[in-house]
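Since the structure comes first, as structure tokens, the remarks are kept for the end.
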Amino acid sequence: MGNRLSKIYTRTGDDGTTGLGDGSRISKDSIRVDAMGDVDELNSVIGLILSEPISQHLQDTLTKIQHDLFNLGGEICIPGYVLLTPSCVDALEQSIDNLNSELSPLKEFILPGGSKSAAFCHLARTVCRRAERKLIELHRNEKVTEISLQYLNRLSDLLFVMCRIINKEAGVSDVLWKNELA
């Protein structure tokens, strides 16, 4: 990076545009910028989870995911650029399988909550779903990689399983939905 970020403000965005990694400028309210923002927000919420006491294994997995999400942001920022690989999706699937094998089968829907770190993880899951929807919208207008779409889809599943694991490790029960209208 060197001195790449030596000046934080440039004033180039004062006209409502922002620069992409390829040097082009687009409106700050474009679908592409929305998608970058959602991925960035997801990465930030994962940072909240990492600020909480969770197992080293989950910390390591989430830290790797943060790097993957930064790469995904790079893909979105530079149209046509590819950083995520099928092995990134495979790693998520392996984590889902490994963590889910430690859990009892679900018999009820789960509400977001339990421990504070699990609540943050539920927030990350919902932001991930929004990022996925925005990336799908972008994909309808400008192609993005299939791997990036698969990655966010698997990541939301992994985050759901992590919510349950975090509660289990904290000795806190998941919050089960009770259909009081039935």
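The values are calculated or read from the model by the stated rules, or taken from the named source; none is laboratory data. Nothing here was measured: the structure is a model prediction, and the numbers come from that model. We place every Cβ from the backbone using ideal geometry, glycine too, and count neighbours over all the protein chains shown. We work out accessible area using only protein heavy atoms, side chains counted, and drop any ligands, DNA or RNA first. Shrake-Rupley method; radii C 1.70, N 1.55, O 1.52, S 1.80 Å.
Modelling each spin label as a point 7 Å along the Cα-to-Cβ direction, I'd like the TYR81/LYS28 distance in nm, to one decimal.
For TYR81 paired with LYS28, the spin-label model returns 2.1 nm.
Before anything else, pin down the relative contact order of the chain: Cα pairs under 8 Å, at least 6 apart, normalised by residue count, whole percent.
The normalised contact order for the chain reaches 27 percent.
Within the chain, which is the longest segment that contains none of the trypsin sites (Lys or Arg not before Pro) sitting in a DSSP loop with at most 11 other Cβ atoms within 10 Å?
Result for the longest clean stretch: 12-106.
Would you kindly give the portion of the calculated P(r) for the chain that falls above 23 Å, as a percent of all Cα pairs?
47 percent
When the accessible area of segment 49-182 is computed with all protein chains present and a 1.4 Å probe, what percentage of it is carbon and sulfur?
Here carbon and sulfur together make up 55 percent of the probe-accessible area.
Where does the longest stretch of the chain lie that holds no GluC sites (Glu not before Pro) found in a DSSP loop with 16 or fewer other Cβ atoms within 10 Å?
1-101
Within the chain, how many Lys pairs that are eight or more residues apart, or on different chains, come under 25 Å at the alpha-carbon?
Taking the chain as the scope, the lysine pair count is 13.
With the other protein chains left in place, how much accessible area per residue, in square angstrom, belongs to segment 78-144 at a 1.4 angstrom probe?
Accessible surface, normalised per residue, equals 59 Å².
How large is ³J(HN,Hα) for each residue in segment 34-50, as worked out from phi by the Karplus curve 6.51 cos²θ - 1.76 cosθ + 1.60 (θ = phi - 60°), to whole Hz, x for Gly and Pro?
Here the 3J(HN,Hα) series is 4, 5, 4, x, 5, 5, 5, 4, 4, 4, 5, 5, 5, x, 4, 4, 5 Hz.
For segment 88-99, just list the computed ³J(HN,Hα) in residue order, Karplus coefficients 6.51, -1.76 and 1.60, θ = phi - 60°, integers in Hz, with x standing in for Gly and Pro.
Computed from phi, the couplings for segment 88-99 are 5, 5, 4, 5, 5, 4, 5, 5, 4, 4, 5, 5 Hz.
Per residue of segment 123-132, in order, report the coupling 6.51 cos²θ - 1.76 cosθ + 1.60 (Karplus, θ = phi - 60°) as ³J(HN,Hα) in whole Hz, putting x for Gly and Pro.
Values, residue by residue: 4, 4, 4, 6, 5, 4, 4, 5, 4, 4 Hz.
Are there any chymotrypsin sites (Phe, Trp or Tyr not before Pro) in segment 114-182 that are in a DSSP loop and have at most 11 other Cβ atoms within 10 Å? List them by number.
TRP177
Would you grab the residues whose amide H sits under 5 Å from the one on ILE110? Only those 5+ places off in sequence or on another chain, please, with H modelled 1.01 Å from N.
Hits under the 5 Å cutoff: TRP177.
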